[in-house]
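**Q** This structure is in structure tokens; I'll ask about it shortly.
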Amino acid sequence: CQRAQLQDGQDILEIGCGDGYVLKYILGERLISFPNLPAGLDKNIETIETNKIEAPQIDWQCWDAAQLPLPYSDASYEIVLLPAVLEHLPWEKVAPLIIDAVRVSKHKVLITIPNATYSTYIKPVVESVGKHQWALTRDRLYLLSLVFLTQFWPKPASINVNYGSDVSSVYFKIEKVK
């Protein structure tokens with residue numbers, strides 16, 4: 001919550017929620033309160049059905065993040081989270097999903113990607129796990145930066161790229177400027 005700068009009263013959408021750990025943790029620890037139901041999207045129907053039983057206070061929806069547009073109108077959520085989900089998509093689907101996540105957000109999109117560039121531990125894991133489509137290398141980071149620059153600048157969004165202190169993930173924060 002601190003890194004994401006989550007605050008009370010913010011609507012949150014998590015894309016690629018999997019077992020719902022992030023939203024369940026935020027609710028379980030009562031870190032913030034939501035004015036409306038937070039929402040979680042994932043393509044695995046069994047996981048979504050389990051999430052509905054374990055945390056019925058969250059709006060769980062079965063949706064493949066590669067199928068765009070997302071099923072929400074413009075500026076539907078204060079914050080859109082993409083925690084460790086982009087690397088599961090084919091590379092050509094990454095930029096369109098980021099762009100649509102920005103469309104759905106009112107204020108910010110928060111993205112995490114395992115960092116194969118700086119971690120000697122994560123790179124072999126990313127390359128060996130069949131669920132991951134690609135690893136974040138310096139070249140891919142450069143390409144993502146180009147996506148941000150060409151799609152959002154000079155439009156009303158500023159891009160902040162921060163690296164986690166443990167260097168296992170790259171954190172992107174896309175904020176819309178009012």
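**Q** Take the range 95-110 and flag every residue that is under 11 Å from the mean Cα position of the chain (by Cα), hydrophobic (A, V, I, L, M, F, W, C) and either over 15 Å from Asp64 (Cβ atoms) or not in a helix (DSSP H, G or I) (or both). Let's see the steps before the verdict.
**A** Initially, the range 95-110 is screened for residues under 11 Å from the mean Cα position of the chain (by Cα), giving 97-98, 101-102, 108-110.
Next cut, hydrophobic (A, V, I, L, M, F, W, C) only: 97-98, 101-102, 109-110.
If the condition is that a residue be under 11 Å from the mean Cα position of the chain (by Cα), hydrophobic (A, V, I, L, M, F, W, C) and either over 15 Å from Asp64 (Cβ atoms) or not in a helix (DSSP H, G or I) (or both), then Ile98, Val102, Val109, Leu110 are the ones that fit.
**Q** Restricting attention to the range 60-76, which residues are touching a Leu at 6+ places or on another chain (Cβ under 6 Å) and at pLDDT 90 or above?
**A** Gln61, Trp63
Conditions tested, residue by residue: (1) out of contact with any strand residue (DSSP E or B) (no Cβ under 9 Å at 6 or more places or on another chain); (2) at pLDDT 90 or above; (3) farther than 20 Å from Gly20 by Cα; (4) not in a loop (DSSP other than H, G, I, E, B).
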residue	(1), (2), (3), (4)
Lys93	yes, no, yes, yes
Thr117	no, no, yes, no
Val126	no, no, yes, yes
Arg140	no, no, yes, yes
Thr150	yes, no, yes, yes
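**Q** Now, a different point. Looking at Ala66, Ala75, can you tell me which residue is under 20 Å from Arg140 (Cα atoms) and assigned to a loop (DSSP other than H, G, I, E, B)?
**A** Numbers: Ala75 fails: under 20 Å from Arg140 (Cα atoms).
Just one listed residue meets the conditions, Ala66.
**Q** For the range 49-59, which residues satisfy the criterion of being at pLDDT below 95 and either among the acidic types (Asp, Glu) or in a strand (DSSP E or B) (or both)?
**A** Glu54, Asp59
The values are calculated or read from the model by the stated rules, or taken from the named source; none is laboratory data. All of these numbers come straight from a predicted model, not from anything done at the bench. FYI the Cβ positions are ideal-geometry reconstructions off the backbone, even for glycines, and counts take in every protein chain you see.
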